[in-house]
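The values are calculated or read from the model by the stated rules, or taken from the named source; none is laboratory data. It should be emphasised that the depicted structure is a prediction, and the values quoted were computed from it without experimental measurement. Please note: Cβ atoms are built from the backbone with ideal geometry, for glycine as well, and neighbour counts cover all protein chains shown.
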Amino acid sequence: MMDIYQILKQLPHRFPILLVDRVLEIEKGVRIKALKNVSVNEPYFSGHFPSRPVMPGVLMLEALAQAAALLAFDTMGETPDENTVYYFAGIDGARFKRPVEPGDQLILEVELDRMKAGVFKFKARAKVGEEIAVEAELMCTMRKVA
């Protein structure tokens with residue numbers, strides 16, 4: 001498990017783009033299960049959509065990528081520094097199955113599929129309760145920046 005303070009030490013993201021509130025389970029080199037509480041106060045809801053707020057799909061994918069980064073750092077036994085950036089390298093097979101609305105808890109489930117030459121491939125899905133909201137294969141990589 002990881003609380004928000006441990007997450008803040010691992011991820012460079014901050015409000016409003018930090019999209020992981022808690023890590024519920026982590027199995028080094030295998031999988032992570034994390035939580036994003038979806039609040040009506042999120043800044044994107046005022047424009048997406050004013051009459052019926054829905055979490056943008058790209059932000060659901062970003063939340064999954066942040067959970068994947070936490071799994072990658074744990075797998076490698078590293079704490080990134082300010083010169084480490086974790087990037088998307090690809091998103092395949094993204095499917096949106098259910099809207100995510102204010103008040104939902106988004107459960108982020110990510111499994112490490114493979115890791116080769118600094119590129120990580122993950123199978124990821126986010127659920128609300130037992131319903132899948134989004135699923136995708138994510139490829140991510142870490143780079144040092146000067």
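What are the residue pairs meeting all of these: first residue in segment 6-21, first residue within 16 Å of Leu64 (Cα to Cα), second residue in a loop (DSSP other than H, G, I, E, B) and of a type outside the set (Gly, Ala, Ser), Cβ atoms under 6 Å, and 6 or more apart or on different chains?
Ile7/Val20
Could you tell me which numbered condition Phe88 fails, if it satisfies all but one of (1) within 21 Å of Leu24 (Cβ to Cβ); (2) in contact with a strand residue (DSSP E or B) (Cβ under 9 Å, 6 or more places away or on another chain)?
Checking Phe88 against (1) within 21 Å of Leu24 (Cβ to Cβ); (2) in contact with a strand residue (DSSP E or B) (Cβ under 9 Å, 6 or more places away or on another chain), the one that fails is (1).
Surrounded by 15 or more Cβ atoms within 10 Å (Cβ to Cβ) and modelled with pLDDT of 95 or more, is that true of Lys28?
Taking the combined requirement at face value, the residue does not satisfy it.
Got a sec? Which of Glu101, Glu82, Glu111, Glu62 is part of a strand (DSSP E or B) and of a type in the set (D, E, K, R)?
Matching residue, one of Glu101, Glu82, Glu111, Glu62: Glu111.
Could you grab me the full set of residues in segment 115-132 that are among the aliphatic types (A, V, I, L, M), surrounded by fewer than 18 Cβ atoms within 10 Å (Cβ to Cβ), closer than 19 Å to Ala69 by Cβ and touching a residue at least 12 places away in the same chain (Cβ under 8 Å)?
Met115, Val119
So the check is Cβ under 7 Å with 6+ separation or different chains; which pairs have a first residue in segment 65-86 that's at positive phi and at pLDDT below 95 and a second one that's among the aliphatic types (A, V, I, L, M) and buried (at least 17 other Cβ atoms within 10 Å of the Cβ)?
Partner pairs satisfying both residue conditions: none exist.
Return only the number of the condition from (1) surrounded by fewer than 19 Cβ atoms within 10 Å (Cβ to Cβ); (2) part of a helix (DSSP H, G or I) that Ala68 does not satisfy.
(1)
If I ask for residues that are crowded, with 19+ Cβ neighbours inside 10 Å and closer than 16 Å to Gln105 by Cβ, which ones from segment 46-65 would you list?
Pro53, Met55, Leu59, Met60, Ala63, Leu64
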